[in-house]
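Below: one structure, written as structure tokens.
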Amino acid sequence: MNSNEILIRPVLTEKATFLRDKLNKYVFIVHKDADKISIKRAVKEIFNVEPVCVNIINRKGKEKRVRYKYGYTPSIKKAIITLKKGDKIGIFEGV
């Protein structure tokens, strides 16, 4: 799996924005088979910054009902990446 397949997209919510601005942490949705080491390597390759710490959150899909049938929302895996003080990821500068 290459680096572009590991990091799927950034998370742009109020909580993620707070983490980015105050604590220098960035939140990404990642591939379900990615581990901490591969995520750290992907961030280093793509953005040229050295991550200090990588935390992972697995969110299970919720059961939803549409009329008479049940289905599930998709399960996702999120990674919270902590960078050194002064480092930034460029895609968030215009947001």
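Does segment 41-61 contain any residue that is of a type outside the set (V, I, T), surrounded by 17 or more Cβ atoms within 10 Å (Cβ to Cβ), within 15 Å of the chain's Cα centre (by Cα) and assigned to a strand (DSSP E or B)? Outline the logic, then answer.
Step one: list which residues in segment 41-61 are of a type outside the set (V, I, T), which gives 41-42, 44-45, 47-48, 50-51, 53, 55, 58-61.
In the following step, the residues that additionally are surrounded by 17 or more Cβ atoms within 10 Å (Cβ to Cβ) were identified as 42, 47, 51.
Among the residues that remain, those that are also within 15 Å of the chain's Cα centre (by Cα) are: 42, 47, 51.
Those left that are additionally assigned to a strand (DSSP E or B): 51.
Yes, segment 41-61 contains at least one residue that is of a type outside the set (V, I, T), surrounded by 17 or more Cβ atoms within 10 Å (Cβ to Cβ), within 15 Å of the chain's Cα centre (by Cα) and assigned to a strand (DSSP E or B).
Show the residue pairs meeting these rules: Cβ distance below 7 Å; 6+ apart or different chains; first residue within segment 77-92 and among the polar types (S, T, N, Q); second residue assigned to a strand (DSSP E or B).
T82/K25; T82/P51; T82/V52; T82/C53
Could you grab me the full set of residues in segment 1-14 that are surrounded by fewer than 18 Cβ atoms within 10 Å (Cβ to Cβ) and in contact with a His (Cβ under 7 Å, 6 or more places away or on another chain)?
M1, E5, I8
If you scan segment 1-39, which residues turn out to be small (G, A, S) and assigned to a helix (DSSP H, G or I)?
Residues satisfying the conditions are S3, A16, S38.
Go through segment 62-95 and count every residue that is among the basic types (K, R) and part of a loop (DSSP other than H, G, I, E, B). If you could, list the steps in order and put the result at the bottom.
First, pick out the residues of segment 62-95 that are among the basic types (K, R): 62, 64-65, 67, 69, 77-78, 84-85, 88.
Now narrow it down to the ones that are part of a loop (DSSP other than H, G, I, E, B): 62, 67, 84-85, 88.
Qualifying residue count for the region: 5.
From the residues in segment 15-40 that are of a type in the set (K, R) and more than 15 Å from K85 (Cα to Cα), which one is surrounded by the fewest Cβ atoms within 10 Å (Cβ to Cβ)?
Step one: filter segment 15-40 for residues of a type in the set (K, R), giving 15, 20, 22, 25, 32, 36, 40.
Still in the running and more than 15 Å from K85 (Cα to Cα): 15, 32, 36, 40.
Values: K15: 9, K32: 11, K36: 15, K40: 18.
Taking the candidates together, the pick is K15.
Take the residues in segment 48-75 that are in contact with a strand residue (DSSP E or B) (Cβ under 9 Å, 6 or more places away or on another chain) and hydrophobic (A, V, I, L, M, F, W, C), then tell me which one is farthest from K25 (Cα to Cα).
Ranking the candidates gives I57 first.
Output the residue which, of all residues in segment 62-95 that are of a type in the set (G, A, S) and under 17 Å from the mean Cα position of the chain (by Cα), is surrounded by the fewest Cβ atoms within 10 Å (Cβ to Cβ). It would help to see each step written out before you state the result.
Initially, segment 62-95 is screened for residues of a type in the set (G, A, S), giving 71, 75, 79, 86, 90, 94.
The next check asks that each one be under 17 Å from the mean Cα position of the chain (by Cα); those that pass are 75, 79, 90.
Numbers: S75: 11, A79: 26, G90: 9.
Applying the filter and picking the extreme gives G90.
Suppose the filter is touching a residue at least 24 places away in the same chain (Cβ under 8 Å) and not aromatic (F, W, Y); does N55 pass it? Break it down into steps so the answer makes sense when it comes.
Details: touching a residue at least 24 places away in the same chain (Cβ under 8 Å): yes; not aromatic (F, W, Y): yes.
It is true that N55 is touching a residue at least 24 places away in the same chain (Cβ under 8 Å) and not aromatic (F, W, Y).
Where a number appears in this text, it was derived from the coordinates with a stated rule and is not lab data. Treat the numbers as computed from the prediction; the structure is a model and nothing was measured. Positions of Cβ are generated from backbone atoms using ideal geometry, with glycine treated the same way; all protein chains shown enter the neighbour counts.
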